[in-house]
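Inspection log for the structure reproduced underneath, given as structure tokens.
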Amino acid sequence: MSNFQNEFSWSPSRHRMFDSCKRQYYYNYYGSWGGWNKDADAQTQLLYRLKKITTVPQLVGTVVHDAISHEIRALQVGRPIHPSEIKTFAQKLFGQHLLVSEEQRWRYSASQYTNLFEHYYNEPFTETDQNNSANHISTSLNAFFASNAYATLQSAGPEDYLTIEDLTDFTLANTKIWVVLDVAIRRDKSVYIFDWKTGRERQADRHQLAVYALYATSQWGVALSDLQLQDIYLQTNTEQTLDLSPDDLDQTRIFVTESVQKMRALLDDPEQNTASQDTFPMTTNTHLCTTCPFKAVCYPNDRPARQPTTEPTIEQDPVQLSLF
Ligand code: SF4
């Protein structure tokens, strides 16, 4: 059996999952734990396999982020890669992920090989969809190279870089808080944090940046007034700057602390970080289930199918001017 300890921690994505469906949260963080081990029971192995599933839009985001971090790492050492090479790299990467998913290599290793939701659940993914995804990748990378953020990175020296997509943590509410900043650089007194987005704008993006601000002020000793926080939406080619007041930062600490408390309150034993499935109800918003990787477990006989894609309007997910 695994020697890894399932330690309780918090991250912005964990909060989002807890908020959307408690059962999904349970499967993702508890039910699937240890499922990578061939000695684990069949249900745990299944939940682990499902946890590793990714949708095509998520894969597009991953590929774009991989390509951008590839470029930024090259930029850092003074050898920027030509945009056309980066775009070719991204398209090849996308093709490789599609191929290994089609070949179901995840049967050999769920952690190593991509398992696409569309393939696993045999849901429509036409040649047109594939071309649209490939275009989405190119459009996103064009927007990245044209962004003010990229121009700022181009003028940075190697020593200015603080992080490029590193998984890192800090402590708040006696809890390990995980963050992955796409890129952060220091210029004189200022610290710039840029976050690339391949999807639409969400209020959660602002919360995520605010958590990054907590990290930056506590770990790098940067004053809040010297912090430049920006989400860059690559599909719409828009840059959203987040200006935080000291009060906003306090509200963010409260937001994280309360989220941690709500998660811990559902545990059987908070010290041991153990949980029981029955304490984590399935969502009643079955629309969420249509794109959930765990729907094979929740609905073994009658899985809710995905509806034809409709672009959500701003009214469906309004981005508030205020942070909270
Ligand atoms: S299928 Fe629905 S109820 Fe089940 S985990 Fe997913 S979102 Fe929750």
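The values are calculated or read from the model by the stated rules, or taken from the named source; none is laboratory data. Owing to the predicted nature of the structure, the values given are computational and were not obtained by experimental measurement. Note that we place each Cβ from the backbone using ideal geometry, even for glycine, and neighbour counts take in every protein chain shown.
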(request) Among the numbered conditions (1) in contact with a Pro (Cβ under 8 Å, 6 or more places away or on another chain); (2) within 16 Å of the ligand (Cβ to nearest atom), tell me where Phe8 comes up short. (result) (2)
(message) Within the stretch 286-302, take every residue that is touching a helix residue (DSSP H, G or I) at 6+ places or on another chain (Cβ under 8 Å) and more than 8 Å from the ligand (Cβ to nearest atom) and give me the one that is nearest to Leu116 (Cα to Cα).
(response) Thr291
(request) Considering only the stretch 11-37, state which residues are assigned to a helix (DSSP H, G or I) and within 11 Å of the ligand (Cβ to nearest atom). (result) Met17, Ser20, Lys22, Arg23, Gln24, Tyr25, Tyr26, Tyr27, Asn28, Gly31
(request) Among residues belonging to the stretch 110-133 that are more than 21 Å from Cys292 (Cα to Cα) and exposed (fewer than 11 other Cβ atoms within 10 Å of the Cβ), point out the one that is nearest to the chain's Cα centre (by Cα). (result) Asn131
(message) Going residue by residue through the stretch 57-70, is there one that turns out to be crowded, with 19+ Cβ neighbours inside 10 Å, within 21 Å of Asn285 (Cβ to Cβ) and either not assigned by TED's automatic domain parsing to the domain that holds Ser155 or not aliphatic (A, V, I, L, M) (or both)?
(response) no
(message) Just to verify a result, which residue in the stretch 275-285, among those that are within 9 Å of the ligand (Cβ to nearest atom) and surrounded by fewer than 13 Cβ atoms within 10 Å (Cβ to Cβ), is nearest to Glu7 (Cα to Cα)?
(response) Pro281
(message) Please list, ordered by residue number, the helices (runs of 4 or more DSSP H) wholly in the stretch 115-215 having 2 or more residues that are among the polar types (S, T, N, Q) and without any contact (Cβ under 8 Å) to a residue 12 or more places away in the chain.
(response) 127-146
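Conditions tested, residue by residue: (1) of a type in the set (Ser, Thr, Tyr); (2) outside any loop (DSSP other than H, G, I, E, B); (3) under 20 Å from the mean Cα position of the chain (by Cα).
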| position | (1), (2), (3) |
| --- | --- |
| Asp39 | no, no, no |
| Gln43 | no, yes, no |
| Leu59 | no, yes, yes |
| Ser84 | yes, yes, no |
| Gln91 | no, yes, no |
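Tell me, please, whether a residue that is within 15 Å of the ligand (Cβ to nearest atom) and in contact with a helix residue (DSSP H, G or I) (Cβ under 7 Å, 6 or more places away or on another chain) can be found in the stretch 261-271.
Yes.
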(message) For the stretch 47-58, give me each residue that is in contact (Cβ under 8 Å) with a residue 60 or more places away in the chain and not basic (Lys, Arg).
(response) Leu47, Tyr48, Leu50, Ile53, Thr54, Thr55, Val56, Pro57
(message) I'd like to verify a number: residues in the stretch 134-147 that are of a type in the set (S, T, N, Q) and surrounded by 18 or more Cβ atoms within 10 Å (Cβ to Cβ), how many?
(response) 2
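So which of Phe89, Phe94 ends up being surrounded by fewer than 18 Cβ atoms within 10 Å (Cβ to Cβ) and either of a type in the set (A, V, I, L, M, F, W, C) or touching a Gly at 6+ places or on another chain (Cβ under 8 Å) (or both)?
None of the others qualify; the one that does is Phe89.
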